[in-house]
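Let me begin by presenting the structure, written as C-alpha cells, before commenting on it.
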Amino acid sequence: MLFVLAGAIFPLGIRAQERRKIIIDEDCAGPAGSDLQAVLVLVQSAQVDPLGITVVSGDQWRDEEVAHTLRLLEIIGRTDIPVVPGAVFPLINSQEETARWEKLFGKIHYQGAWNKGKPPDPFFVPELPEGNPTTKPAAEDAAHFMIRLVHAYPHQVTIYAGGPLTNLALACVLDPQFSTLTHELVFMGGSLSTSVDDPEFSATPRREFNLRWDPEAAHIVLRAPWPKVTCTTVDISVKTRLTKEMIGQIGQAPTPLAKYLARFAPEGYMWDELAAAAWLDPSLITRERQLFMDVDIDHGAEYGNTVTWLPGDNPGLGEQLVQLQMEVNTEKLDKAFVDLMMGPTPQAARKGN
C-alpha cells in the first residue's frame, strides 16, 4: 500500500529517517535563481533528507551566497539544515590569471563573481532584498563537514554539486576515502557540443563555467573513485526554460516560498533545477550516454574545457566513466518543479548533524 506526501510516493509506514540522504554543494547565488531553486527542489521533496548545504564561490562570492541561503531557509522554515561555508577562491585559477588568459586567447563571456558589476571585495555582504538572515552558518568548513557525514552514513549519502567543484576537491584531497564512502556524485557542469545562439557557448562549445572557474578542482573530482557519477551538461540544460507563466502559477500558492519565488525567480534555463529534479525522478531523462570525462588543465587555449572519451579510447589515468544526460521530458520537468514549489515544505527528518 502507498501513500502520497508532498508529491512523493512512499510505502505505507516508511520512517522519516529512510529518506534519501544528500549533501547539497552549491554556489548559492540569490535571491532565487537556478542555484537556490535547485536547493529548493531538493528541500521541498519529502523523499529527501538534506544533511546540509555546503557553499562555494561561483556565481557570487561565498559569504553573500551563505547569507542568501540562510535567509531562504528562514523563509521556508528549515533552519534545521546546516549551511556550511566552503571555498572562497579556486585552487589555482584566479581573476588575474583569467585576465591574462583572455589577453592571449580571447574573451570569456561569463566569469561569475569575477564579472563586472559584482562586488570586488569577496567578503562583502550587501543588504539583501529578501531581508538579511538572523541565523548563522556552521562553524565547520565544507570539506570537513562532508567528510564527517559520509563517514557517519557510509555509502548512503549522495553528493549533489551545482557549482564549481572546489569543496569536493578539498574533501577528496583531505580524505582519500571520501568519494568511495559516498553513494554517488550528481553534478551540473561541463559542455560537449552545445548548439545554441548564446555567445557564452556558440563558439566555445566545450567551455562551461562550473568547470572553468576551478579546472584543477574539477580535474581532481573527475579522477576520484566515486561509486557512480551522473552529469547534467549545458547541452541538456539549454533545452529547459523557467517561464513567466510557471512563476506566475507558483505565485498563486499561499506560502512564503511561493511569494518569494513570485518576487525573485527569474526566467531562464533551469541549469541546476534539472540536475536536482532528475536525481529525484530519473524518468525525466529520456536519453543518456556514458563517456569518460576530465578537464583540460594545461593553461593553454583550452584551459578549463570539458574533455571526453568513448570507453576504450580514454588514456586510463584515473578519469571516471560518467553517465551523461542527453534528452529531457520538459513537460514533465516543468510540472514536477511547479508542484514542488507550490507544495508544503517537509519537516526535518532527524535532529542535528
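The values are calculated or read from the model by the stated rules, or taken from the named source; none is laboratory data. Predicted, not measured: the structure shown is a model, and the values here were computed from it. Positions of Cβ are backbone-derived with ideal geometry, glycine not excepted, and every protein chain shown enters the neighbour counts.
Mind checking which pairs have a first residue in the stretch 219-236 that is more than 17 Å from Glu288 (Cβ to Cβ) and at pLDDT below 95 and a second that is small (Gly, Ala, Ser) and assigned to a strand (DSSP E or B), Cβ under 9 Å, 6 or more apart or different chains?
Listed pairs, sorted by first residue: none to list.
With the structure loaded, tell me whether Ala258 is under 22 Å from Thr345 (Cα atoms), touching a strand residue (DSSP E or B) at 6+ places or on another chain (Cβ under 6 Å), among the small types (Gly, Ala, Ser) and touching a residue at least 40 places away in the same chain (Cβ under 8 Å) or whether it fails that test. Spell out the reasoning first.
Values: under 22 Å from Thr345 (Cα atoms): yes; touching a strand residue (DSSP E or B) at 6+ places or on another chain (Cβ under 6 Å): no; among the small types (Gly, Ala, Ser): yes; touching a residue at least 40 places away in the same chain (Cβ under 8 Å): yes.
Answer is no for this residue.
Report yes if some residue within the stretch 129-139 is at pLDDT 95 or above, under 20 Å from the mean Cα position of the chain (by Cα) and of a type in the set (A, V, I, L, M, F, W, C); otherwise report no.
Yes, some residue in the stretch 129-139 is at pLDDT 95 or above, under 20 Å from the mean Cα position of the chain (by Cα) and of a type in the set (A, V, I, L, M, F, W, C).
Tally time: how many residues in the stretch 245-267 are of a type outside the set (D, E, K, R) and within 14 Å of Arg71 (Cβ to Cβ)? Give the steps one after another, and end with the answer.
At the first step, the residues of the stretch 245-267 found to be of a type outside the set (D, E, K, R) are 246-258, 260-262, 264-266.
Filter once more, so that each one left must be within 14 Å of Arg71 (Cβ to Cβ): 256-257, 260-261, 264.
Number of matching residues: 5.
What pairs come up if the first residue lies in the stretch 182-193 and is over 14 Å from Asn210 (Cα atoms), the second is not in a loop (DSSP other than H, G, I, E, B), and their beta carbons are under 6 Å apart, counting only those six or more places apart or on different chains?
Thr182/Val150; Thr182/Val157; Thr182/Ile159; His183/Val157; His183/Thr158; Glu184/Thr158; Leu185/Ile159; Leu185/Val229
Take the conditions at pLDDT 95 or above, crowded, with 19+ Cβ neighbours inside 10 Å, of a type in the set (D, E, K, R) and within 22 Å of Thr330 (Cα to Cα) and apply them to Asp214. Does it pass? Full working, then the answer.
Values: at pLDDT 95 or above: yes; crowded, with 19+ Cβ neighbours inside 10 Å: yes; of a type in the set (D, E, K, R): yes; within 22 Å of Thr330 (Cα to Cα): no.
The answer is no for Asp214.
Assess whether Gln320 counts as being buried (at least 20 other Cβ atoms within 10 Å of the Cβ) and within 25 Å of Thr194 (Cβ to Cβ).
no
Report every pair of residues separated by at least 6 positions or lying on different chains whose Cβ atoms are under 7 Å apart, first residue within the stretch 136-147 and free of Cβ contacts under 8 Å to residues at least 40 places away in the same chain and under 14 Å from Leu51 (Cα atoms), second surrounded by fewer than 17 Cβ atoms within 10 Å (Cβ to Cβ) and not basic (Lys, Arg).
Within 7 Å, the pairs are Ile147/Leu174.
If a residue must be surrounded by fewer than 20 Cβ atoms within 10 Å (Cβ to Cβ) and out of contact with any Lys or Arg (no Cβ under 8 Å at 6 or more places or on another chain), how many such residues does the stretch 239-252 contain?
Of the residues in the stretch 239-252, the ones surrounded by fewer than 20 Cβ atoms within 10 Å (Cβ to Cβ) are 239, 241, 243-246, 248-249, 251-252.
Next cut, out of contact with any Lys or Arg (no Cβ under 8 Å at 6 or more places or on another chain) only: 239, 241, 243-246, 248-249, 252.
Summing the residues that are surrounded by fewer than 20 Cβ atoms within 10 Å (Cβ to Cβ) and out of contact with any Lys or Arg (no Cβ under 8 Å at 6 or more places or on another chain) in the stretch 239-252 gives 9.
Being charged (D, E, K, R) and in a loop (DSSP other than H, G, I, E, B) is the filter; apply it to the stretch 50-98 and report the residue that is surrounded by the fewest Cβ atoms within 10 Å (Cβ to Cβ).
By that ranking, first place goes to Asp80.
Which residue is modelled with the lowest pLDDT, if the candidates are limited to the stretch 89-120 and must be on the phi > 0 side of the Ramachandran plot and over 21 Å from the mean Cα position of the chain (by Cα)? Even if it seems obvious, please write down each step before you answer.
Narrowing the stretch 89-120 to residues on the phi > 0 side of the Ramachandran plot: 106, 112, 117.
Restricting the remaining residues to those that are over 21 Å from the mean Cα position of the chain (by Cα) gives 106, 117.
Working: Gly106: 95, Gly117: 85.
By that ranking, first place goes to Gly117.
Going through the stretch 323-337 one residue at a time, which ones are surrounded by fewer than 19 Cβ atoms within 10 Å (Cβ to Cβ) and among the β-branched types (Val, Ile, Thr)?
Selection gives Thr330 alone.
If you scan the stretch 99-128, which residues turn out to be surrounded by 12 or more Cβ atoms within 10 Å (Cβ to Cβ) and under 25 Å from Gly52 (Cβ atoms)?
Scanning the stretch 99-128 gives Gly112, Ala113, Pro122, Val125, Leu128.
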